[in-house]
Each structure stands twice: as structure tokens, then as C-alpha cells.
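Participant: Pasting a structure here, questions to come.
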Amino acid sequence: MHKRKLGNSDLEVSAIGLGCMGMSFSYGPPKDKQEMTALLGAAVDRGVTFFDTAEVYGPYLNEELVGEALAPFRNQVAIATKFGFDISPNSDPRGMKGSPGLNSRPEHIQEAVEGSLKRLKVETIDLLYQHRVDPNVPIEDVAGAVKELIQAGKVKHFGLSEAGVQTIRRAHAVQPVTALQSEYSLWWRKPEAEVIPTLEELGIGFVPYSPLGKGFLTGKIDENATFDSSDFRSTLPRFTPEALKANQALINLLGAIAQRKQATPAQIALAWLLAQKPWIVPIPGTTKLHRLDENIGAVSVELTSDDLLDIDDAAAKIAVQGARYPEKLEQMTGR
Ligand SMILES: NC(=O)c1ccc[n+]([C@@H]2O[C@H](COP(=O)([O-])OP(=O)(O)OC[C@H]3O[C@@H](n4cnc5c(N)ncnc54)[C@H](OP(=O)(O)O)[C@@H]3O)[C@@H](O)[C@H]2O)c1
């Protein structure tokens, strides 16, 4: 698979990575460990070298899975993980019941990293993100704590997730940021206004999460879809039957382009992201081998400037319905 560099850093990874969250967290009960281990190995066989996990996914289960499954391939892959949610007993890190707690105090970052290193079975974390900006801890202190971990050889690269541009600049001044991981896709284009120009100016790579709109942009979810209470999407305004119905216009657009390019809607959604900047590396998540193949096939779908203009024109006429997150979770972004 083609490789891409994340910004000005020396971190070079497959143009499409693999989001591992859904294997253990957020989208229903954890999936079968043996099957997921085989899927992770199959991804390496296919040239995927960038894997995304977090302490909070499970909590812990996803890091354990990724650590064990990728141990045989340690030298071929980059593993990214994240700290920053409060995952003490009785906390609500996914915000399924309300507002999740955060903890980015420097001493807690150190503890979290020790745990992640053990679970991932690695001596150094290739890319360590702060999962959400913690309003109670100055970002300089967070960047300083990660800088010390880099100096100690426990971490290679620093990242932020859903941070606002001022925070990105302040963090970058203390410890260069290699990548920002935030939501970005055809149905969430807010990063285009301020974030992407800032990343370009500072030479920071961009890792779009939920690049398939949490499954919606694949065309496999319509207003008849049901999500049980263990599926995070049951709490999202954008996944109500009304919103799903209204937003089918986006699927029609992706379907039309897909037909023209002999590709699938999921591949067009990913190829569109890849076409935005050469330092963008999406991390679609899947628990199924045939979908992994479909998703990585997006690297071979080349959208011409005419295709991109058509997509932009058509997308500009579609007003996406429903908030991407409930208000309490949205308030934790862009800070
Ligand atoms: N930093 C953050 O705050 C944050 C937040 C959310 C996610 N993430 C990271 O980003 C990764 C990806 O995001 P995401 O999982 O939320 O959303 P996504 O990649 O946009 O979509 C994943 C969903 O789409 C389905 N899917 C994947 N490929 C498909 C295909 N070709 N056809 C039909 N359905 C398909 C998956 O189901 P199946 O498993 O059934 O295929 C899953 O339900 C996560 O794994 C996680 O590592 C980070």
C-alpha cells in the first residue's frame, strides 16, 4: 500500500490505517478476540501499518487485543494510542449516561502511559494522543509531560484529538505535534475552516476519525437501522430515523460518483479524504475482513479535480441533519 508522512514528521504510515475501537467498544459488545486477532494480522498482510487504539476503548480491552495481535509484527507497524479520559470505577468515559470525566494531569499521563506500554507489549508508543483537551490542565503542562516521556524513550510522537487551533499552537510550541486526530468526513467538514489551514501552516499531519461517518457513508445504514443500548450510535442525534432518512441525499451523491468510478460509496468517502491533502491518513474502523479489503481498496480510487468539484457542488446543496454528538460531548471538542 502507498505510504504517507504525517506532516513534517518522520512518521510514515500506510495511506489508510485501521481504527480498532469497534472491535472492543462503542459499537456493541466486544467482538470475538480470535477473530479480531486474525483480522489485525490480515491487515498487516495487506500492508496496513497504522493502527489506532486508546486506553479508554474497553477500557483497556482494545489495547490488550491490539498489543497481543500485533506483537509478531512489532517492527512493521506503528501503534497509536490515547490518554485523557477518566476511567476510574463508576466513571462514564463514553458519556452514555452524561458527561465523561477527563484527566490529563501530568502524573496521570505518566501512569496511563505505563499501563498502555504494558498492554501494548511495546517499549515505546509510536504516537500518543491526548484524547480530549482537559480544561483543568494547561496544555503546556500536557505537552511538557509528553515531552519528558519522549525524552525517556517511552513515546515517539505527540498528538492531539479534537483540539482547537489555539490549543494546537500552544502545545506545538512546547513539544512539536505530529498529528491531530479529529472527526472529518463528507458529513463533518468543520475542520476545513480553521483546523486544516493551521495544520498545514505548522506541518502537522491529520488523521480523520469516523471517516465513514460511523458507518453511515457506506450506504449500509438507512432509517430502518436499529442500534441497541450498547451501541453508542443509539445516543447520537445524527442516527435518529428522521436524520438518517434526511441524510440519504449524501448516500445518493456517493452512490452516483461510485458508479462512475466503479467503486463503492465507502471507497469514495475515503478517496475524497485522501484527495484533500497528501498528509491526511484516515483510519476507518471495521470488524470484517471483506470490508477491510473494500476500505483499503480506496487508495486505488483516484478522484480527478472534476470529480472533486462535482462532489463539492452536490454536497454544498445538502444540509446534513442532526448533531454529530449530544451537546455535552460536543462541548468537549474544539477547546
Ligand atoms: N479520537 C476520537 O475521539 C475518536 C472517536 C471515534 C473514533 N476514533 C477512532 O477512529 C476509528 C474509526 O472511526 P469509527 O469506527 O467511529 O467510524 P468509521 O470508521 O467511520 O465507521 C465504522 C463503522 O462502519 C462500518 N463499516 C466499516 N467499513 C464498512 C464498509 N466498507 N461497508 C459498510 N460498513 C462499514 C463498521 O462496521 P463493521 O465493523 O460491522 O464493519 C463500523 O460500524 C475508530 O476505530 C477509532 O480508532 C477516534
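Participant: I need Ser9, Ser300 ordered by Cβ neighbour count within 10 Å, fewest first.
Facilitator: Details: Ser9 19, Ser300 11.
Ordered by Cβ neighbours within 10 Å, fewest first: Ser300, Ser9.
Participant: Work out, step by step, the length gained on full extension between Thr37 and Asn90: first 0.36 nm times the residue separation, then minus their alpha carbon distance; give nm to one decimal. Could the numbers behind the result be given before it?
Facilitator: Details: separation 53, 0.36 × 53 = 19.08 nm, distance 2.92 nm.
Result: 16.2 nm gained on full extension.
Participant: So if we plug the beta-carbon distance of Ser300 and Asn8 into 1/(1 + (r/R0)^6) with R0 = 30 Å, what FRET efficiency do we get, rounded to 0.05?
Facilitator: Numbers: r = 27 Å, r/R0 = 0.90.
Computed FRET efficiency for Ser300 and Asn8: 0.65.
Participant: For the pairs Lys82/Lys118; Lys31/Lys288; Lys156/Lys190, note any where the Cα-Cα span goes beyond 21 Å. Could you put the intermediate results ahead of the total?
Facilitator: Values: Lys82/Lys118 14 Å; Lys31/Lys288 10 Å; Lys156/Lys190 29 Å.
Those over the limit are Lys156/Lys190.
Participant: What aspartates and glutamates could a cross-link reach from Lys3, if we take a straight Cα to Cα line under 20 Å and drop same-chain neighbours fewer than 8 places away?
Facilitator: Glu12, Asp45, Asp52, Asp126, Glu200, Asp293, Glu294, Glu302
Participant: Based on the Cβ-Cβ distance from Lys220 to Arg335, what FRET efficiency comes out when R0 is 35 Å, to the nearest 0.05?
Facilitator: It comes to 0.60.
Participant: At what distance in nm do the modelled label points of Ala173 and Ser234 sit from each other, each positioned 7 Å from its Cα along Cα→Cβ?
Facilitator: 4.6 nm
Participant: Additional query: So for the pair Ala316, Lys277, with labels modelled 7 Å out along Cα→Cβ, what separation do we get in nm?
Facilitator: Here the modelled spin labels are 2.2 nm apart.
Participant: Using helices alone, what [θ] at 222 nm do you get for the chain, with -39,500 (n - 2.57) per DSSP H run of 4 or more residues, divided over all residues and rounded to the nearest 500? Walk me through the numbers before you get to the answer.
Facilitator: Numbers: 12 runs with 125 residues, N = 335.
After summing the helix terms and dividing by residue count, I get -11000 deg cm²/dmol.
Participant: Next question, about the same structure. Please report, in Å, the Rg and the Dmax of the range 122-223, where both are computed over Cα atoms only.
Facilitator: Reported Rg and Dmax, both Å: 15.1, 51.
Participant: Moving on to the next point. Over the Cα atoms of the chain, what radius of gyration and what Dmax do you get, in Å?
Facilitator: Every Cα atom of the chain included, Rg and Dmax give 18.7, 54 Å.
Participant: In whole angstrom, how far apart do the alpha carbon centroids of the range 215-249 and the range 40-94 sit?
Facilitator: When both Cα centres are located, 26 Å separates them.
Participant: Ok, one more. Take the Cβ-Cβ distance between Arg260 and Glu123 as r, set R0 to 56 Å, and report the resulting FRET efficiency rounded to the nearest 0.05.
Facilitator: Working: r = 48 Å, r/R0 = 0.85.
The computed FRET efficiency comes out at 0.70.
Participant: Here's another thing I want to ask about it. Once both axes come from the Cα atoms, what is the angle between helix 248-261 and the longest principal axis of the chain, in degrees from 0 to 90, rounded to 10?
Facilitator: Taking the Cα atoms of the chain, the angle to 248-261 is about 80 degrees.
Participant: How large is the convex hull of the C-alpha atoms of the range 93-172 per residue, in Å³? Provide the component values of the computation, followed by the final result.
Facilitator: Details: hull volume 7.8 nm³, N = 80.
Hull volume normalised by residue count: 97 Å³.
Each value in this text was obtained by applying a stated rule to the coordinates, not by laboratory testing. Please read all numbers here as calculations on a predicted model, not as lab measurements. A quick note on method: Cβ atoms are made from the backbone with ideal geometry, for glycine too, and the neighbour counts reach across all protein chains shown.
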